[in-house]
Amino acid sequence: MKPSVFIVDDHELFRAGVRAELAEHVEVAGDAASVEEAVPAILHAAPDVVLLDVHMPGGGGVEVIRQVARQRPTQRFLALSVSDAPDDVIAVIRAGARGYVTKSISSAELADAVRRVADGDAVFSPRLAGFVGAIPAAQVDPELDQLTAREREVLQHIARGYLYKEIALRLGISAKTVEAHVSAVLRKLQLSNRHELSRWAAERRLVD
């Protein structure tokens, strides 16, 4: 079965080209030109992979990942960009992308990258692979990576000193759901209480 992909890029001609090139290999679930247009469309289409540009108005690919992951934490993202700048790669990987390829990639390689990300692999252009592997531990944290996007949000609010009821109001969920997320985070991080959570978050500079 072909994986489904949703394309996000603010250049219409580029989106059309990618759609045409991928059509034989994957199911194209839709496309969007902006962050505002992309987020609700992705949540509605629920594709296997979101293929997205890094630089777009309104926050770019990082903002798309952040907003979608809040409501669909299992969504997989593959960044496709003209940029191979370290800051861009780090930002999008930290946001939650499973891969980063440059727009010089061939159609066959791009289709293969989409399939691999859909299967759960991490995929990077050859010239980026060595760099990504060398990102400092502070940038790739195995403990942090095991938390869902929602669990990270709850963790950050706990670290800022908010009560369960206040977090519930801010995130639009119930206090019991907040409590369940906190319990899951404590279990995954092998911590005992919210004070330890706060210290853990502060050490990793997860709070402003």
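Brief remarks on what is shown
- GNM result for the chain, Cα springs below 10 Å: residue of GLN75, GLN146, GLN67 fluctuating most strongly: GLN146
- Degrees, to the nearest 10: 194-203 long Cα axis against longest axis of the chain: 50
- Cα shape, region 160-208, gyration tensor, a/c 1.5 rule: oblate
- As a length-normalised measure over Cα pairs under 8 Å and 6 or more apart, the relative contact order of the chain settles at 15 percent.
- Euclidean distance between Cα centres, region 34-49 to region 158-204, Å: 28
- Taking semi-axes √(5λ) of the Cα gyration tensor in Å as calculated from this structure, the corresponding entry among (i) 42, 21, 17; (ii) 32, 19, 14; (iii) 32, 23, 13 is (ii).
- Region 1-121: C-alpha gyration tensor shape, a/c 1.5 cut-off, then a/b vs b/c: rounded
- Relative to the current alpha-carbon distance between SER174 and HIS55, full extension at 0.36 nm per residue lengthens the span by 39.3 nm.
- Overall form of region 63-131: oblate. Here a/c, set by the Cα gyration tensor axes a ≥ b ≥ c, is 1.5 or more, and a/b is not larger than b/c.
- Peptides 7-18, 90-101 ranked from most to least packed, by the mean per-residue count of other Cβ atoms within 10 Å: 90-101, 7-18.
- Between SER183 and SER104, the modelled labels are 5.2 nm apart [label points 7 Å from Cα along Cα→Cβ].
- In the full protein context, the chain carries 52 Å² of accessible surface per residue, based on a 1.4 Å probe and ignoring ligands, DNA and RNA.
The values are calculated or read from the model by the stated rules, or taken from the named source; none is laboratory data. From a predicted model like this one, the values you see are computed outputs, not experimental measurements. In this analysis, Cβ positions are derived from the backbone assuming ideal geometry, glycine residues included, and neighbour counts consider all displayed protein chains. SASA here: full protein model, heavy atoms, side chains in, ligands and nucleic acids out. Shrake-Rupley method; radii C 1.70, N 1.55, O 1.52, S 1.80 Å.
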